[in-house]
1. Out of the residues in region 110-127 that are among the aliphatic types (A, V, I, L, M) and crowded, with 21+ Cβ neighbours inside 10 Å, state the one that is farthest from Trp163 (Cα to Cα).
2. Of these, Arg539, Arg544, which one is within 29 Å of Gly431 (Cα to Cα), in a loop (DSSP other than H, G, I, E, B), at pLDDT below 70 and basic (Lys, Arg)?
3. Listed residues Val107, Val153, Val138; which is aliphatic (A, V, I, L, M), outside any helix (DSSP H, G or I) and in the same structural domain as Leu76 (by TED's automatic domain parsing)?
4. Have a look at Asp512, Asp520 and point out the one that is part of a helix (DSSP H, G or I), at pLDDT 70 or above, out of contact with any strand residue (DSSP E or B) (no Cβ under 6 Å at 6 or more places or on another chain) and under 30 Å from Val572 (Cβ atoms).
5. Hand me the list of helices (runs of 4 or more DSSP H) wholly inside region 6-91 holding 2 or more residues that are outside the structural domain of Thr112 (by TED's automatic domain parsing), surrounded by 18 or more Cβ atoms within 10 Å (Cβ to Cβ) and of a type in the set (Asp, Glu).
6. Filter region 390-409 for residues that are at pLDDT below 85 and either touching an Asp or Glu at 6+ places or on another chain (Cβ under 8 Å) or within 25 Å of Leu149 (Cα to Cα) (or both) and give the result.
Amino acid sequence: MGSRLDARLLLPIALFACLVHAESLDLWFVATDTLPLIETNRVSNPAAIGTLFTQPLMAGSDFASMALFYRPVASLTYAIDHALWGLDPFGYHLTNVVLHAVGTVLVVVTITEITDRPRVGYLTGLLFTVHPVTVEVVPVIARRQDILLAIFVLGTISLFVRWHRRWQRHRRQNREWTLRPYRPLIAALVAYTLALGSKETALVVPALLLVWATLQQDEGPMQRLRAGLTAMGSFAVVTLLYAAVRVAVLGGLGGYHSPFGGLPSYTLENVLLTAGKYVLWTVLPVQFNAAGTDATTLSVGLVFVGVVALGVVGFVVLAGRGWFTRGRHTVWRTITAIGCLVSLAAIPYVLGVGAETPTRLDPPALVEIVVPILFVGGCGAAILTAMLSREPLTAATRRQLLFFGCWFVGPLAGLLFAKQILLQPLSFGFGIRNAYSVLVPVLAGFSLLVIGCVNRFHTHLEHTPTIGDRTGNLTAVSVLLVVLVSMGAASPALSTDRGWEAAGELNQRSLDAVSDDLADTPNATVVYLVDYPNKFDARNASGRNAHSVTPLLSYSIEAWLSLDRSSPSTQVRLVRPRAVESVPPQLSSATQARDDVVVVRVTDDERS
């Protein structure tokens, strides 16, 4: 490495990551799959651990009838947690927070390894730790798979990059074969195996490593591809072995069996909305509230005129300084500047359409998805305009940005192929947990551009170059900072989220009530829960930044009864599950039992 990483800074960064999510340690069990994951992966003795590697995820629960996944590494962590903590949620949340801190440190190490610039690594790690998407993953025990995936993918990439550079030096120096240069490769293969055992999304890693290895070669395209394929042979072997084990355990490749009423179709609208939502998850995961956007034509017109007027003034100033007539890429500068102006100017128009005009997309979807897409698109066009107005990027920076782009797009292609991400394309929060592991390339690209522009601007100040060069770098930094500030507005470091806290309180109160009601019917095999409160009314979501709070379902309650009452044979059926505006202060119920069938009607003070 040309620049060395200061290991002394890694501990403060890890502690900061823990501090940001310290509030999650007080949460109860939240989300649909948390309790089933604990119940199905607990083991009575160490010898039973082997069964976790020979069965699907959540084997024996209703989830296994809807989907088949093979994630034994994640399952093992739940088994260890249950052995250590029993049903104390603190320990499970502590594991998630510590794993997130480990992932943050690996972000710093990996990005520094790739870019050879420690400042880029530090900034990426700090942005990763406070990113709003982490609120969707770290507090949720069931989403530990995504944290483990990120950890082992980062470890794989970092170790592979280190090995590849050693191997290249070893080959250029014509040294005799020894095992030492290959130790990082062996470690990378182990990390890749663990990543596959955490979540199948890791299957894109060999393709990413192939891209990186190919970009490092200075020869022609075929020589680059040949060198990359040579380096990837061992990863192909591990992938084939994993596929064979997965097929043997699951009886096929696995996945969802027509979930939620059937898989969606590949319509252009679904794909575009999903791709735009995927970008927003990582760049601007802030939900725009469409409620009450009854903007009048006058107000929309005023905002529209204001934005356009501001853009025109800026356009005239740039034109007066020769941005669009002197230097390189004048045509592209003009196109991107116009694109920026059009994107930002369209925001008030879309707000007006969403409030007043019936369309195929309901108004909330327009505001929550289209508006931020226009904002991000406008900022992206502004960044391109600024970048094109100065000296070109170095070859190394271009290669790194290309690799980060492939790293970001690769998982999206896999998710689109599996169709799961296409489900509920108008729901901003659905699937947002998938963004956790792809935050790294996006934030690394931002950090690389910000630090590069700041360094150039500082150099330009010292050598007093042309005003155009200064303006380009300053504009790029300004727009990048606008995006980063918008991203950080919903950061867990700056705002307290009450979504998971309220969900935990509701889960604990409602499940305790069910356990108490069934205490006198230990032989019940079928339980009907009528009017069971399992979620919150989305219209009353103030103070809750989390977009993906999921309710308890029947198999979640079955898992709790098995854990709490040791009654794994109890079947639960929800009848008219209802949403509540807030956590009920007290729940009461009326229980009717006939033989082994129990009907529990749940009420609370607000409804009585």
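The values are calculated or read from the model by the stated rules, or taken from the named source; none is laboratory data. None of these values were measured; they are calculated from a predicted model. A quick note on method: Cβ atoms are made from the backbone with ideal geometry, for glycine too, and the neighbour counts reach across all protein chains shown.
1. Our first condition is that a residue be among the aliphatic types (A, V, I, L, M); within region 110-127, this holds for 111, 114, 120, 123, 126-127.
Imposing the further condition that a residue be crowded, with 21+ Cβ neighbours inside 10 Å reduces the set to 111, 114, 120, 123, 127.
On the way: Ile111: 15, Ile114: 12, Val120: 21, Leu123: 25, Leu127: 27 Å.
The qualifying residue farthest from Trp163 (Cα to Cα) is Leu127.
2. Details: Arg539 fails: in a loop (DSSP other than H, G, I, E, B).
Selected residue: Arg544, the only one of Arg539, Arg544 that is within 29 Å of Gly431 (Cα to Cα), in a loop (DSSP other than H, G, I, E, B), at pLDDT below 70 and basic (Lys, Arg).
3. Numbers: Val107 fails: outside any helix (DSSP H, G or I); Val153 fails: outside any helix (DSSP H, G or I).
On inspection, the qualifying residue turns out to be Val138.
4. On the way: Asp520 fails: part of a helix (DSSP H, G or I).
Every option except Asp512 fails the conditions.
5. Working: elements: 10-20, 34-41, 63-66, 72-85.
No helices (runs of 4 or more DSSP H) qualify here.
6. Result: Arg390, Glu391.
Conditions tested, residue by residue: (1) at pLDDT 90 or above; (2) within 19 Å of Leu484 (Cβ to Cβ); (3) in contact with a helix residue (DSSP H, G or I) (Cβ under 6 Å, 6 or more places away or on another chain).
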position	(1), (2), (3)
Pro411	no, no, yes
Leu415	no, no, yes
Ala418	no, no, no
Ser427	no, no, no
Ala435	no, yes, yes
Val438	yes, yes, yes
Leu443	yes, yes, yes
Val450	no, yes, yes
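To keep it simple, each residue is scored yes or no on (1) farther than 30 Å from Ala559 by Cβ; (2) modelled with pLDDT under 75.
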{"site": "Ala150", "(1), (2)": "no, no"}
{"site": "Val153", "(1), (2)": "no, no"}
{"site": "Ala187", "(1), (2)": "yes, no"}
{"site": "Ala191", "(1), (2)": "yes, no"}
{"site": "Leu194", "(1), (2)": "no, no"}
{"site": "Gln216", "(1), (2)": "yes, no"}
{"site": "Gln223", "(1), (2)": "yes, yes"}
